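The structure that follows is given in the form of structure tokens.
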């Protein structure tokens, strides 16, 4: 599948100083962040940051406090001006945009959701959600319509007349999300958006965000310091360390192949059973037998491959059932067909089923078929594959 770059960040650097030229020169000549601090007294927030965010993905930026993740997010919409480098949004460089171009890009392309809800307490939910449109000069009738659509999208219909102070923390964050959605931006920038919420509400908001993403297909850049949150939300994750990029990859890539000791320690202790999926551990479904074949063919295939069962498929490889060797032998003696003898009610998992959901199934059923939504068989899982995936080397 072709992935289109929505955001392209190239050689981005941020030095916190009015006159950063000396520090920038030192960095370009190979000095470290600590060297720059000792020689100039200036703090390097980001240096030589390069990455892409693809259209429609949730890209999570994470790291410890002081790693540069929030600074980077604020550079993406020029709340913080970068010292050097380029930030291309649909090919237009926001890093070098003038005031008018910047306003236009923020209005048409970018929405922001903060950790603090940043709501106006004396205004209603509706007025808070419509606030961005009001600033843009959108007519009242149009902005009310857009705001109401966003309110309904985040599940707050019926609360539009309420004051935000009357709402729970989770509902207040929904108002913040609705306000960002009301302008219909291509990109949502979310800075620790759920970290102020208690764990249960936080999990619910994460689920809500994933559901919204399935529905609206926005490009989301999400900053988090919570590894579990990043693993749950991110199509890809970028781990930062002291203003640099430590690693970019999917959750599975980072867990199975950490780039360095910092990343390895960062992800140590993660419950891999929640991250790995059926697709990651399945084997090729081979051999299989066609439903139009006979029991003799099924028995011959089992004998050749030293196995005691076969999955039965249609011409389009759709899963029809499973045939076991004992049943095949007995059915052959009785003159039955393959279709009459096979077991049709077979437990099936999808490629994206998490490993922790596979464990109780595989204990009672092995091998376990993996099929797509159209029921096409794409692989099989055996107990050994699950045990191997659960084996974690100590860091």
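Would you mind getting me the FRET efficiency between residue 145 and residue 108? Use the beta-carbon distance for r and R0 = 30 Å, nearest 0.05.
0.95
Enumerate the whole-percent occupancy of each 10 Å bin, from 0 to the last occupied one, for all C-alpha pair distances of the range 333-378.
23, 43, 23, 10, 1
On full extension of the chain, what length is gained from residue 135 through residue 383, given 0.36 nm per residue of separation minus the C-alpha to C-alpha distance?
Values: separation 248, 0.36 × 248 = 89.28 nm, distance 5.90 nm.
So the extension gain works out to 83.4 nm.
Applying a 10 Å radius around every beta-carbon, put 36-49, 299-312 in order of their mean neighbour count, most first. Could the numbers behind the result be given before it?
Details: 36-49: 18.9, 299-312: 15.6.
Top of the packing list down: 36-49, 299-312.
Separate question: Using a Förster distance of 25 angstrom, determine the FRET efficiency expected from the C-beta separation of residue 120 and residue 226, and round it to 0.05.
Details: r = 28 Å, r/R0 = 1.12.
Efficiency, from the Cβ-Cβ distance: 0.35.
Please compute the Cα-Cα pair-distance distribution of the range 80-128 with 10 Å bins starting at 0, giving whole percents from short to long.
Histogramming the range 80-128 at 10 Å steps yields 21, 38, 27, 14, 0 percent.
OK, next. Under a point spin-label approximation (7 Å from Cα along Cα-to-Cβ), what is the residue 253-residue 304 distance to one decimal in nm?
3.8
I would also like to ask the following. If you stretched the chain out fully between residue 64 and residue 291, how much longer would it get, using 0.36 nm times the residue separation minus the C-alpha to C-alpha distance? Each step should come with its number before you reach the end.
Working: separation 227, 0.36 × 227 = 81.72 nm, distance 5.53 nm.
Once the chain is fully extended between residue 64 and residue 291, it gains 76.2 nm.
How much length, in nm to one decimal, is gained on full extension between residue 4 and residue 55, taken as 0.36 nm per residue of separation minus their Cα-Cα distance? Walk me through the intermediate numbers first.
Working: separation 51, 0.36 × 51 = 18.36 nm, distance 0.57 nm.
Separation in residues times 0.36 nm, less the Cα-Cα distance, equals 17.8 nm.
Count the DSSP beta bridges whose two residues both fall in the range 279-390, then state the antiparallel fraction as a percent rounded to the nearest 5. Don't skip to the answer; put the middle values down first.
Values: 12 of 16 bridges.
Around 75 percent antiparallel, to the nearest 5.
In whole angstrom, note down how far apart the Cα centers of the range 325-377 and the range 184-237 are.
So the two Cα centres are separated by 36 Å.
Would you report the distance distribution of C-alpha pairs in the chain as whole percents per 20 angstrom bin, up to the bin with the largest distance?
23, 43, 26, 8, 0
Here's a follow-up. Relative to the longest principal Cα axis of the chain, at what angle does helix 169-182 sit, 0 to 90 degrees, rounded to 10?
80
Shifting gears a bit: Got a sec? Which residues in the range 55-75 would a label at residue 16 touch, if it sits 7 Å along Cα→Cβ and we count backbone N under 16 Å?
The answer is 64-75.
Another question about this same structure. Among rounded, prolate and oblate, which fits the range 266-395 when a ≥ b ≥ c are the square roots of the eigenvalues of its C-alpha gyration tensor, a/c under 1.5 means rounded, and a/b larger than b/c means prolate?
Values: a/c = 2.88, a/b = 2.22, b/c = 1.30.
Prolate shape, in that a/c is at least 1.5 and a/b is the bigger ratio.
Readers should treat all values here as calculations from the given coordinates under stated rules, not as data from a laboratory. Computed from a prediction, not measured in an experiment: that's the story for all the values here. So basically every Cβ, Gly included, is an ideal-geometry build from the backbone, and we count neighbours across all protein chains shown.
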